[in-house]
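Chemist: Dropping the structure in here first, questions after.
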Amino acid sequence: MGGFTEVNLAEFLGILPEILVLLWATLLLALDLFLPGGIPRRSMSLLSAGGLLIVALVTVLMRPAEPQVILGGMVRNDLFLTVFRLIFLLAAALTCLVSVDFRPLRAGSEYYVLVMFAAVAMSLMVGADNILMLYLATESASFTLYLLAGVQRGDRLSAEAGLKYFVFGAVTSTTMLFGLSLFFGLSGGQLSYKAIASALSQPELRLPFTLAALLVLVGFAFKTSAVPFQFWAPDVYQGAPSPVAGFISTASKAAGFGILLRFFFNAMPPGVSEASLSWVWLMQPIAILTMTVGSLLAVVQSNVKRMLAYSSVAQAGYVFVGVTAMALGALNRAEALAAVIFYLATYMLTNIVAFAVLGVVEQRVGGSDFQHFNGLARRAPYLALGMAASMLSLLGAPPMVGFAAKVIIFREAIGVDLVPLVAIGIVNVLISVAYYLNVVRAMYVERAETESPLFVPSTLGSVVMIVAVGLVVLTFASEPFWGLALEAARAFLRS
Amino acid sequence: MDATSFVTFLSAALFVIGALGVLLRRSALLIFMSVELMLNAANLAFVTFAHRWGQLDGQVTVFFIMTIAAAEVAVGLALIVTIFRTKRSTSVDELAQLRG
C-alpha cells in the first residue's frame with residue numbers, strides 16, 4: 001500500500017478461484033436453507049466436491065504466466081499460489097467426499113460449506129503479500145477449522161478438541177499479530193513484505209527485528225505443528241472427526257508452510273541482512289526437534305489416531321529439512337523449494353486416505369486403537385490395501401510416492417552439505433518403520449475375533465482405492481508434477 | 001523517553017500481562033479475556049506506529065483486527081457453550097479427556 005493505488009476490476013480475475021468457491025458455498029448454504037427439507041447430505045457432499053474440482057480446473061486454466069501483485073498490493077498471484085490452491089482444493093474435495101459416510105458427524109450442510117470456506121482462506125494465506133492480508137486470511141482459516149474440530153455436536157471429545165484448538169490457536173496467532181505490529185513499526189509504517197525487506201538493513205534495528213521474527217514464527221510453528229508448538233496436535237486430531245483431522249493435518253499444515261516461506265523469503269530474505277539470520281538459523285534445530293519428537297512419541301502410542309498425529313508432526317519435520325536446505329543454500333534454492341512443494345502435495349493425498357480409513361474403522365469396529373485394525377485385511381481387503389499403501393508412503397518405502405518425495409528432500413539437503421541433518425532424518429525414518437508397519441502387521445498378520453466382512457461405504461471405498469493407486473502411479477509418472485513444482489518454485493523466487 | 005517508545009513499552013507490558021493471564025487462569029472465559037488483552041496490545045502498537053510514521057495503514061489495520069476479534073468472540077463463545085453443555089463447567093482443567 002503506502003498511498004492508495006486504484007484497483008482495476010480485471011485484477012479480481014487473479015482471485016477468481018476464491019471468488020467462485022465462495023459463491024458456490026454461499027449458494028449451497030442458501031439453497032439448503034430455502035429448499036423444503038434442505039439439500040440431502042449425499043448430494044451436498046457431491047455438489048461441494050464437484051464444485052471444488054471444477055474450480056481446481058479453472059485454477060489450472062487461469063494460471064498466471066508471470067507473477068503479478070494485485071488488489072493494491074494485497075495478493076501476489078503466481079504459479080506458487082496456483083500449486084497451493086490445487087493442494088487446498090483437492091484436499092477439501094477429498095474431505096467432502098470421505099465425510100458423507102462418517103456417521104458420527106451429524107452435522108448438516110454447514111459442515112461442507114465450512115470446508116469450502118477453509119480452502120478459500122488458506123489460498124488467501126499463501127497469496128498474501130501484505131501483513132494485514134496475512135493476518136486476516138490466517139484467522140479466517142483458523143476460525144473455520146476451530147468450528148470443524150468441534151462440529152460433532154453432543155460429543156465431549158469433539159467439543160474438547162474444538163476448545164483446545166481454539167485456545168492454543170488464538171494465543172499463538174495473537175502472538176504472531178504482535179510480532180507483525182512490530183514489523184509495521186520497524187519498517188517505517190509499511191505493511192507490504194517488500195517494504196519490510198528494504199528496512200531490514202539498518203544495523204541498529206537488528207535486535208527488534210529478531211524479536212519480531214521470533215514472535216511471528218510462533219504463529220507459523222503452531223500452523224505447521226513444529227516443536228515446541230506441536231502439543232495441541234494429538235489432542236485435536238483425536239477429538240476431531242477423522243475427516244476433519246485429515247484436513248487439518250494436511251491442508252492447514254501446507255498453508256502454514258506456504259505463509260512461512262512467503263513471509264520469511266520475501267520480508268526477511270536470507271543473505272540480505274544480519275536480521276534474517278534469526279529465522280535462518282532456527283530452521284535446522286526446528287527440523288531436528290520436530291522430526292525426532294514426532295517419531296519418538298509416535299512409537300509409544302497405542303491409539304492409531306494419536307500415532308498419526310505424532311507422525312504428522314514428524315512429517316512436518318521432514319518438510320523443515322527442505323526449508324532448511326532452501327534457507328541455507330543459495331544455488332539450488334528452486335530445487336529445494338520444489339522438493340518442499342512436492343512433499344506437501346504427496347503427503348496431503350497420503351494422510352487424507354489414512355484418516356478416511358481410520359474413520360471407517362472407528363465407527364464400524366468401534367475404536368481407533370491398534371487392536372481395532374486386527375484382521376482388517378480379511379474383513380475389508382480393499383480398505384486394508386489402501387491403508388497399507390498410505391502407511392508405506394508415509395514411511396517412504398518404494399515404490400510409493402512418499403519414497404520419491406523423501407529422496408528428493410534429502411538429496412537437496414545433502415546438496416547444501418547438511419549431512420548431519422539428513423543422517424538424523426534417516427534415523428527417524430528407521431524409527432518410523434516401527435509404528436507404520438505396526439498398522440500393516442495388525443491388518444495382515446493379527447486375527448480379529450470376528451471375520452465377518454466390514455461394510456465399506458462405496459464413495460469412501462472408491463476414493464481410498466483411487467488415491468492409493470495414485471500413490472503408486474505418481475512415483476512412475478512424477479515428471480510433469482515435479483516440473484510444475486519446479487516452475488512454481490522459480491516463480492516464487494522471481495519476486 | 002519519547003511518546004512512541006513509551007506507548008510501545010506500554011503495549012508490550014499489556015501483551016505480557018495478557019500472556020500471563022492465559023498461562024495462569026483456569027477458566028476458559030478468563031483465558032479468552034486475556035487473549036483479548038493481547039489483541040488490544042497489538043492494536044495499541046499499530047496505532048502508535050501509525051501515528052509515529054504518519055501512515056494511516058496502521059489505523060485501518062486496527063479496524064480489521066477489531067472485526068476479527070468480534071468474530072473470534074462468536075466462535076470462542078460457541079465452543080465454550082458446547083463445552084459447558086457437556087461438562088457443566090468452563091474450567092480448562094476439565095479438558096483432560098484427551099491425553100496420552
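The values are calculated or read from the model by the stated rules, or taken from the named source; none is laboratory data. These numbers were taken from a predicted model, which means no experiment stands behind them. Every residue, glycine among them, receives a Cβ derived from its backbone with ideal geometry; neighbour counts consider all protein chains shown. Side chains are part of the model used for accessible areas, which takes the heavy atoms of the whole protein and leaves out ligands, DNA and RNA. Shrake-Rupley method; radii C 1.70, N 1.55, O 1.52, S 1.80 Å.
Chemist: Name the single residue, out of those in the range A:453-481 being assigned to a helix (DSSP H, G or I) and among the small types (Gly, Ala, Ser), that is most open to solvent (accessible area, probe 1.4 Å). Write out each step before concluding.
Modeler: Just the residues of the range A:453-481 that are assigned to a helix (DSSP H, G or I), to begin with: A:458-476, A:479-481.
Subsequent filtering for residues that are among the small types (Gly, Ala, Ser) retains A:458, A:461-462, A:468, A:470.
Values: A:Ser458: 90, A:Gly461: 18, A:Ser462: 55, A:Ala468: 8, A:Gly470: 24 Å².
Step by step, filter the range A:453-481, then rank; the result is A:Ser458.
Chemist: Among (1) farther than 30 Å from A:Glu451 by Cβ; (2) aliphatic (A, V, I, L, M); (3) touching a His at 6+ places or on another chain (Cβ under 8 Å), where does A:Val429 come up short?
Modeler: Unmet for A:Val429, out of (1) farther than 30 Å from A:Glu451 by Cβ; (2) aliphatic (A, V, I, L, M); (3) touching a His at 6+ places or on another chain (Cβ under 8 Å): (3).
Chemist: Only one of these is among the hydrophobic types (A, V, I, L, M, F, W, C), within 30 Å of A:Arg494 (Cβ to Cβ) and either open to solvent by 10 Å² or more (accessible area, probe 1.4 Å) or modelled with pLDDT of 95 or more (or both): A:Ala330, A:Ala325. Name it.
Modeler: Numbers: A:Ala325 fails: either open to solvent by 10 Å² or more (accessible area, probe 1.4 Å) or modelled with pLDDT of 95 or more (or both).
Criteria check complete, one pass: A:Ala330.
Chemist: If I filter the range A:68-83 for residues that are of a type in the set (Phe, Trp, Tyr) and under 24 Å from A:Met465 (Cβ atoms), do I get at least one hit?
Modeler: Step one: list which residues in the range A:68-83 are of a type in the set (Phe, Trp, Tyr), which gives A:80.
Within this subset, residues satisfying the condition of being under 24 Å from A:Met465 (Cβ atoms) are none.
No, the conditions are met nowhere in the range A:68-83.
Chemist: For A:Pro285, work out the one condition from (1) open to solvent by 10 Å² or more (accessible area, probe 1.4 Å); (2) in contact (Cβ under 8 Å) with a residue 12 or more places away in the chain it doesn't fulfil.
Modeler: (2)
Chemist: Moving to a separate point now. What's the number of the only condition in (1) touching an Asp or Glu at 6+ places or on another chain (Cβ under 9 Å); (2) modelled with pLDDT of 95 or more that A:Ser302 fails to meet?
Modeler: Answer for A:Ser302: the failing condition is (2).
Chemist: Here are A:Ala397, A:Ala377, A:Ala413, A:Ala354: which of them is open to solvent by 10 Å² or more (accessible area, probe 1.4 Å) and either at pLDDT 90 or above or not in a helix (DSSP H, G or I) (or both)? First the steps, then the outcome.
Modeler: Values: A:Ala377 fails: either at pLDDT 90 or above or not in a helix (DSSP H, G or I) (or both); A:Ala413 fails: open to solvent by 10 Å² or more (accessible area, probe 1.4 Å); A:Ala354 fails: open to solvent by 10 Å² or more (accessible area, probe 1.4 Å).
Answer to the check: A:Ala397.
Chemist: Let me ask something additional. So which pairs qualify, if the first residue must be in the range A:329-342 and at negative phi, the second must be modelled with pLDDT of 85 or more and outside any helix (DSSP H, G or I), the Cβ gap must be under 6 Å, and the two must be at least 6 apart or on different chains?
Modeler: A:Gly329/A:Val416
Chemist: Restricting to the range A:31-49, name every residue that is without any contact (Cβ under 8 Å) to a residue 12 or more places away in the chain and either of a type in the set (S, T, N, Q) or open to solvent by less than 40 Å² (accessible area, probe 1.4 Å) (or both).
Modeler: A:Ser43
Chemist: For B:Asp93, work out the one condition from (1) more than 9 Å from chain A (Cβ to nearest Cβ); (2) acidic (Asp, Glu); (3) more than 23 Å from A:Ala159 (Cα to Cα) it doesn't fulfil.
Modeler: Failed condition: (3).
Chemist: Count, please, the residues in the range A:167-194 that happen to be surrounded by fewer than 24 Cβ atoms within 10 Å (Cβ to Cβ), more than 10 Å from chain B (Cβ to nearest Cβ) and more than 30 Å from B:Asp93 (Cβ to Cβ).
Modeler: The qualifying residues number 1.
Residue by residue, here is whether (1) under 20 Å from A:Asp235 (Cβ atoms); (2) of a type in the set (A, V, I, L, M, F, W, C) holds:
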| residue | (1), (2) |
| --- | --- |
| A:Met291 | no, yes |
| A:Leu296 | yes, yes |
| A:Ala314 | yes, yes |
| A:Tyr318 | no, no |
| A:Val321 | no, yes |
| A:Glu335 | no, no |
| A:Tyr343 | no, no |
| A:Thr350 | no, no |
| A:Val357 | no, yes |
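Chemist: Give all pairs with beta carbons closer than 8 Å in which a residue from the range A:195-212 that is surrounded by fewer than 18 Cβ atoms within 10 Å (Cβ to Cβ) meets a residue that is among the β-branched types (Val, Ile, Thr); count only pairs at least 6 apart in sequence or on separate chains.
Modeler: That search, which allows pairs on different chains as well, returns A:Ser201/A:Val272.
Chemist: Could I ask something else about it? Take the residues in the range A:55-72 that are of a type in the set (A, V, I, L, M, F, W, C) and touching a strand residue (DSSP E or B) at 6+ places or on another chain (Cβ under 8 Å), then tell me which one is most open to solvent (accessible area, probe 1.4 Å).
Modeler: Step one: of the range A:55-72, the residues of a type in the set (A, V, I, L, M, F, W, C) are A:55-58, A:60-62, A:65, A:69-71.
Going one step further and asking which of them are touching a strand residue (DSSP E or B) at 6+ places or on another chain (Cβ under 8 Å), we end up with A:69-70.
On the way: A:Val69: 72, A:Ile70: 6 Å².
Of everything passing the filter in the range A:55-72, A:Val69 is most open to solvent (accessible area, probe 1.4 Å).
Chemist: Being part of a helix (DSSP H, G or I) and without any contact (Cβ under 8 Å) to a residue 40 or more places away in the chain is the filter; apply it to the range A:431-452 and report the residue that is farthest from the chain's Cα centre (by Cα).
Modeler: Residues of the range A:431-452 that are part of a helix (DSSP H, G or I), as a first pass: A:431-444.
Checking which are without any contact (Cβ under 8 Å) to a residue 40 or more places away in the chain leaves us with A:433, A:441.
Numbers: A:Val433: 23, A:Arg441: 28 Å.
Per the stated criteria, the residue is A:Arg441.
Chemist: When you scan the range A:150-166, how many residues do you find that are more than 7 Å from chain B (Cβ to nearest Cβ) and modelled with pLDDT of 90 or more? Full working, then the answer.
Modeler: So in the range A:150-166, the residues more than 7 Å from chain B (Cβ to nearest Cβ) come out as A:151-155, A:158, A:165.
Still in the list and also modelled with pLDDT of 90 or more: A:165.
Of the residues in that region, 1 qualify.
Listed here are the residues, each with its yes/no results for (1) over 17 Å from A:Ala212 (Cβ atoms); (2) modelled with pLDDT of 90 or more; (3) out of contact with any Leu (no Cβ under 8 Å at 6 or more places or on another chain).
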site	(1), (2), (3)
B:Asp2	yes, no, yes
B:Val22	yes, yes, yes
B:Ala28	yes, no, no
B:Leu37	yes, yes, no
B:Ala71	yes, yes, yes
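Chemist: While we're on this one: So which of A:Leu22, A:Leu16 is among the hydrophobic types (A, V, I, L, M, F, W, C), assigned to a helix (DSSP H, G or I), more than 14 Å from chain B (Cβ to nearest Cβ) and in contact (Cβ under 8 Å) with a residue 60 or more places away in the chain? Walk me through it before giving the result.
Modeler: Numbers: A:Leu16 fails: in contact (Cβ under 8 Å) with a residue 60 or more places away in the chain.
Result: A:Leu22 is the single residue among A:Leu22, A:Leu16 that is among the hydrophobic types (A, V, I, L, M, F, W, C), assigned to a helix (DSSP H, G or I), more than 14 Å from chain B (Cβ to nearest Cβ) and in contact (Cβ under 8 Å) with a residue 60 or more places away in the chain.
Chemist: Regarding the range A:175-184, can at least one residue be identified that is within 27 Å of the chain's Cα centre (by Cα), at pLDDT 90 or above and outside any helix (DSSP H, G or I)?
Modeler: There is no residue in the range A:175-184 that is within 27 Å of the chain's Cα centre (by Cα), at pLDDT 90 or above and outside any helix (DSSP H, G or I).
Chemist: Which condition number in (1) under 30 Å from A:Val69 (Cβ atoms); (2) under 23 Å from the mean Cα position of the chain (by Cα) is the one that A:Arg494 fails?
Modeler: (2)
Chemist: Please work out if A:Arg447 is more than 25 Å from A:Ile352 (Cα to Cα) and basic (Lys, Arg). Before the answer, list the steps.
Modeler: Numbers: more than 25 Å from A:Ile352 (Cα to Cα): yes; basic (Lys, Arg): yes.
Answer is yes for this residue.
Chemist: From the list A:Ser249, A:Ser295, A:Ser273, exactly one residue is within 15 Å of the chain's Cα centre (by Cα) and among the polar types (S, T, N, Q). Which is it? Steps first, please.
Modeler: Values: A:Ser295 fails: within 15 Å of the chain's Cα centre (by Cα); A:Ser273 fails: within 15 Å of the chain's Cα centre (by Cα).
From the options A:Ser249, A:Ser295, A:Ser273, the qualifying one is A:Ser249.
Chemist: Filter the range B:66-90 for residues that are at the interface with chain A (Cβ under 7 Å from one of its Cβ atoms) and not charged (D, E, K, R) and give the result.
Modeler: Those that are at the interface with chain A (Cβ under 7 Å from one of its Cβ atoms) and not charged (D, E, K, R): B:Ile68, B:Ala71, B:Val75, B:Gly76, B:Leu79, B:Ile80, B:Thr82, B:Ile83, B:Thr86.
Chemist: Another question about this same structure. State which residue is farthest from the other protein chains (Cβ to nearest Cβ) when the search covers only the range B:41-56 and only residues that are more than 21 Å from the chain's Cα centre (by Cα) and not aliphatic (A, V, I, L, M).
Modeler: Applying the filter and picking the extreme gives B:His51.
Chemist: May I ask you to say which residue of B:Leu30, B:Leu23, B:Leu14 is more than 7 Å from chain A (Cβ to nearest Cβ), open to solvent by 20 Å² or more (accessible area, probe 1.4 Å) and within 20 Å of A:Asp235 (Cα to Cα)? Outline the logic, then answer.
Modeler: Working: B:Leu30 fails: within 20 Å of A:Asp235 (Cα to Cα); B:Leu14 fails: within 20 Å of A:Asp235 (Cα to Cα).
Only one candidate passes the filter, namely B:Leu23.
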